[in-house]
Amino acid sequence: MENLLIDGNNLVWRVYYVAESVNPGGMDGMLHVHMFLSALKNYAEQYSPKRVICCWDMRKDKQPNYRNTLIPDYKEQRDKDKAKVVHCQSDLIQELVEYLGIVNFYPSQLEADDCIAWLCETLPGNKCIVSSDKDMLQLIRDGVVYYDPMKKVEINMANFEQHSKFGYDTFMIEKIFAGDKSDNVPGIHGFGPVKVKKYLAGEVELTEAQKEQYNLNFQVFDLSLHNGLAGEVEHYESQSLKGETDWETFLKVCKENGLNSIVNNKESFYNQFCMDVTLSNMFENLFG
């Protein structure tokens with residue numbers, strides 16, 4: 001696998017809840033940091049990628065989320081105070097993964113999903129997306145697979161309909177009709193699964209109001225939105241996709257923050273993230 005694309009925010013939330021369920025406040029609040037790093041190592045061991053990129057929702061220039069201009073209530077029901085607690089160590093996590101040679105990648109006006117979509121479009125070689133966010137199933141195609149870390153299953157074109165409630169060829173249409181209550185995106189009024197099938201068969205038409213909601217939902221769910229948004233692609237292109245390892249600093253920062261479980265298991269982290277870089281540098285020095 002050439003490229004492993006990690007949904008960073010999604011992973012932080014998952015490991016935080018696991019950490020708090022098994023050992024609240026464990027390692028003085030650092031248990032989820034340990035779990036994040038360990039999960040990254042496990043995914044890298046599973047796929048042996050040449051490059052790992054961790055995509056985040058954080059917009060470094062503090063621009064608002066463009067989707068809120070489409071639907072003002074988009075994700076507004078989410079607990080912002082809880083999010084601050086969950087992400088209390090995300091700056092440290094991002095610092096540590098960079099020392100391991102992992103690239104942190106950020107949107108300007110959109111979200112991590114959109115970054116991953118652009119990377120799937122532009123990076124050469126195969127890609128594996130790691131996330132429990134099913135919106136990214138729309139990105140599956142030749143050369144792009146999706147790993148569901150909750151079910152521990154890889155989803156591709158061949159087994160798509162075994163693992164999705166929507167069809168491969170009709171995913172976006174069915175998603176648009178269903179909406180997403182967790183993100184405050186309403187579905188198309190009057191359309192359940194049976195009526196959606198009739199729509200797909202050309203047996204029913206939308207009213208003007210339904211067409212308006214359909215087009216709005218399409219924009220919200222569409223992960224090619226970045227292509228029509230001024231400055232977004234340029235922002236992606238301005239970011240380096242070449243990671244550089246700094247093993248000594250990685251260990252130093254782990255020790256300073258009480259991540260002794262990582263330090264005690266340092267050989268496995270070094271072998272996974274730094275060994276190839278060290279060997280490459282040795283050969284370059286020897287043979288120019």
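Can residue 251 be described as assigned to a helix (DSSP H, G or I), surrounded by 13 or more Cβ atoms within 10 Å (Cβ to Cβ) and of a type in the set (A, V, I, L, M)?
Yes; evaluated as a whole, the condition is true for this residue.
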>> Please determine whether any residue of the stretch 94-104 is crowded, with 18+ Cβ neighbours inside 10 Å, under 18 Å from the mean Cα position of the chain (by Cα) and farther than 28 Å from residue 140 by Cβ.
In response: yes
>> Criterion first (modelled with pLDDT under 95, under 26 Å from the mean Cα position of the chain (by Cα), surrounded by 15 or more Cβ atoms within 10 Å (Cβ to Cβ) and not assigned by TED's automatic domain parsing to the domain that holds residue 141) does residue 273 satisfy it?
In response: yes
> If a residue has to be in a helix (DSSP H, G or I) and under 26 Å from residue 53 (Cβ atoms) to count, how many in the stretch 257-267 make the cut?
Replying inline: 5
> Name the pairs whose Cβ atoms lie under 6 Å apart, with the first residue in the stretch 129-152 and within 18 Å of residue 52 (Cβ to Cβ) and touching a residue at least 40 places away in the same chain (Cβ under 8 Å), the second in a helix (DSSP H, G or I) and among the aromatic types (Phe, Trp, Tyr), and 6 or more positions between them or separate chains?
Replying inline: 130/43
>> closer than 23 Å to residue 136 by Cα, buried (at least 18 other Cβ atoms within 10 Å of the Cβ) and either among the hydroxyl-bearing types (Ser, Thr, Tyr) or at pLDDT 95 or above (or both): is that true of residue 3 in this structure?
In response: yes
> For the stretch 216-247, how many residues meet the condition of being surrounded by 14 or more Cβ atoms within 10 Å (Cβ to Cβ), over 18 Å from the mean Cα position of the chain (by Cα) and not in a loop (DSSP other than H, G, I, E, B)?
Replying inline: 6
> Which of the residues that make up the stretch 166-206 are of a type in the set (Phe, Trp, Tyr), under 24 Å from residue 74 (Cα atoms) and in a helix (DSSP H, G or I)?
Replying inline: 171, 177
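The values are calculated or read from the model by the stated rules, or taken from the named source; none is laboratory data. All values reported here derive from a predicted model rather than from experimental measurement. FYI the Cβ positions are ideal-geometry reconstructions off the backbone, even for glycines, and counts take in every protein chain you see.
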